[in-house]
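Data first, discussion second: the structure below is written as structure tokens.
The values are calculated or read from the model by the stated rules, or taken from the named source; none is laboratory data. All of these numbers come straight from a predicted model, not from anything done at the bench. Every residue, glycine among them, receives a Cβ derived from its backbone with ideal geometry; neighbour counts consider all protein chains shown.
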Amino acid sequence: MIGVIDYGVGNMFSLYNALNFLNVEYSVVIDKDQINDKSGLILPGVGAFPEGIKKLNEMGISEILKKYKKPLLGICLGMQLLFDESEEFVLTKGLGLIPGRLEKITGSFKIPHMGWNQLDIHNHSVLTKDIGDKPYVYFVHSFKAVTPYEYIVATANYGSEITAIVSNKNVCGTQFHPEISGDIGLKILMNFIGGCL
């Protein structure tokens, strides 16, 4: 069974709807003791990095995720929390599961980066199976992950290169929201679920 971590950050409704539509068996994780029996985990989230990592720390979930060996998918803020640190508001340490940091998107484009954007796939992963070469997905964010190329699966262009999908061993993440990215997003979720079986 898949676990969806609810740590009080962001609206979970769209993700639950997507998983229900896909007939995926899942349970909501609100306690650290609910994690280890899951076949995989989804860490969603919307909001500020410092608040997100604070809540995970307070729940005792951070230390468990750092040792977790099964598939883990971070979505939006959940992806950002996978990295070493973020400069959002104050320099804040993350989970350290993927090398890199979050930096403010700069340039003449409107911030936040919000709406549909096209992916450029650089390295294939379980998430990108059968989604095509340049699919469109839905973004809402103001910070971008800066990480070595070896961890980047896909990027999008928004005045600068935006890290869109990342992967490191059992851990992967999407800066965009697959649960509101139409058929492509649903396919990405199913690709992840399939890797948990």
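Return the only residue of GLY100, GLY8, GLY3, GLY60 being more than 24 Å from TYR136 (Cβ to Cβ), loosely packed, with under 13 Cβ neighbours inside 10 Å, of a type outside the set (D, E, K, R) and touching a residue at least 24 places away in the same chain (Cβ under 8 Å). Give the steps one after another, and end with the answer.
Working: GLY100 fails: loosely packed, with under 13 Cβ neighbours inside 10 Å; GLY8 fails: loosely packed, with under 13 Cβ neighbours inside 10 Å; GLY3 fails: loosely packed, with under 13 Cβ neighbours inside 10 Å.
Just one listed residue meets the conditions, GLY60.
If only residues of the stretch 106-143 that are more than 23 Å from GLY194 (Cα to Cα), small (Gly, Ala, Ser) and more than 17 Å from the chain's Cα centre (by Cα) are counted, the one that is surrounded by the fewest Cβ atoms within 10 Å (Cβ to Cβ) is SER108.
Among the conditions (1) free of Cβ contacts under 8 Å to residues at least 24 places away in the same chain; (2) part of a loop (DSSP other than H, G, I, E, B), GLU85 misses just one, which is (2). Within the stretch 145-183, restricting attention to residues that are farther than 16 Å from HIS122 by Cα and crowded, with 18+ Cβ neighbours inside 10 Å, the residue that is farthest from the chain's Cα centre (by Cα) is TYR158.
Working carefully through the options MET59, MET79, find the one that is within 17 Å of the chain's Cα centre (by Cα) and among the hydrophobic types (A, V, I, L, M, F, W, C).
Working: MET59 fails: within 17 Å of the chain's Cα centre (by Cα).
The match here is MET79.
Among the residues of the stretch 31-42, those identified as at pLDDT 95 or above and in a loop (DSSP other than H, G, I, E, B) are ILE35, LYS38, SER39. Please tell me if PHE49 is more than 25 Å from GLY182 (Cα to Cα) and among the hydrophobic types (A, V, I, L, M, F, W, C). So PHE49 fits the description; yes.
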